[in-house]
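Let me begin by presenting the structure, written as structure tokens, before commenting on it.
Nothing in this text is a laboratory measurement; each read-out follows from the coordinates by a stated rule. Keep in mind it's a predicted model, so treat the numbers as computed, not measured. Neighbour counts are summed over all protein chains in view; Cβ atoms, including those assigned to glycine, are modelled from backbone coordinates with ideal geometry.
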Amino acid sequence: RKEVEQDPGPFNVPEGATVAFNCTYSNSASQSFFWYRQDCRKEPKLLMSVYSSGNEDGRFTAQLNRASQYISLLIRDSKLSDSATYLCVVNANTGNQFYFGTGTSLTVIP
Amino acid sequence: DAGVTQSPTHLIKTRGQQVTLRCSPKSGHDTVSWYQQALGQGPQFIFQYYEEEERQRGNFPDRFSGHQFPNYSSELNVNALLLGDSALYLCASSLGGQGRETQYFGPGTRLLVL
């Protein structure tokens, strides 16, 4: 079983739509969770960390469900500039290794 | 404040050759991790360097080796290149080496093995 699993999509949504991505992880000892954004042929860039209490940054909301071992990302009022691949990242408490999902592709359509 | 830099940006090699990729971490960071990202996949962890030592290694063969210098910069070496080594190689830096801190990525080196 993979450490981190994501639905690869693609998700094609109109401008202004709300879209949600989920990601599951297999190691219950995982301690740190992140969402990264990667534009085509660019490096991943941190979008937000995910905290147990959930956190919000403008139009973006991240949630962590430890019982079910999944994290989610909600994007409200989608913009054309949100088109990218969103990578779920998990770090296990037992080491320094970060595990990336395969990424979920989002295209926001005018 | 300089971010993570990597060189070269692109590289073309043939099977069996050796390659060295370089990374300078973000100012103030002391930990460097290397990742391989194949097309359509997420980055895969190769190894991490902290205090000039390899602290953890992912599921990569010994053909992949590295080094960290006293100024925290790092090199990734790949010997006996295979076609399957063609990928984007990403360097990420962080501070503290505890394993939970945010990692910042460089622009990557695109390696093509012919």
- Do any cysteines in chain A lack another Cys Cβ under 4.7 Å, and if so which? A:CYS40
- If one computes the Cα centroid of segment A:9-54 and of segment B:37-80, what distance in Å separates the two points? 24
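For the pairs A:LYS42/B:LYS13; A:LYS42/B:LYS26; A:LYS45/B:LYS13; A:LYS2/A:LYS45; A:LYS45/B:LYS26, note any where the Cα-Cα span goes beyond 25 Å.
Numbers: A:LYS42/B:LYS13 21 Å; A:LYS42/B:LYS26 17 Å; A:LYS45/B:LYS13 28 Å; A:LYS2/A:LYS45 22 Å; A:LYS45/B:LYS26 14 Å.
Flagged as over cut-off: A:LYS45/B:LYS13.
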- Note on the structure: In nm, the gap between the two label points placed 7 Å beyond Cα toward Cβ at B:ALA80 and A:ASP7 is 4.3
- What stretch of chain B, leaving out the sites themselves, is the longest with no trypsin sites (Lys or Arg not before Pro) in a DSSP loop having at most 14 other Cβ atoms within 10 Å? B:64-114
- Message: With the crude spin-label approximation of a point 7 Å out along Cα→Cβ, what separation in nm comes out for A:ALA67 versus B:ASN71?
- Response: 5.3
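Could you tell me the calculated FRET efficiency between A:ASN55 and B:ALA2, based on Cβ-Cβ distance and R0 = 35 angstrom, to the nearest 0.05?
0.80
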- Order these peptides, A:57-68, B:38-49, by their mean beta-carbon neighbour count within 10 angstrom, highest first. B:38-49, A:57-68
- Can you pull a Stokes-Einstein diffusion coefficient for chain B at 10 °C (1.306 mPa s), Rh from Kirkwood over Cα pairs, as a whole number of µm²/s? 114
- Note on the structure: Sorted by chain and then number, the residues having a modelled amide H within less than 5 Å of the amide H of B:LYS26, at least 5 places away or on another chain, are B:VAL4, B:SER93
- Task: Can you tell me the FRET efficiency between B:THR20 and B:PHE60 if r is taken as the Cβ-Cβ distance and R0 is 22 Å, rounded to the nearest 0.05?
- Result: 0.90
- The correct pair for the protein assembly as shown, radius of gyration to one decimal and Dmax as a whole number, both in Å and from Cα atoms, is 17.5, 51
- Message: Would you work out the Kirkwood radius for chain A? I mean one over the mean of 1/r across all pairs of different Cα atoms, in Å.
- Response: 14.0
- Amide H to amide H under 5 Å from A:ASN12: which residues, 5+ apart in sequence or cross-chain, H placed 1.01 Å off N in plane? A:THR107
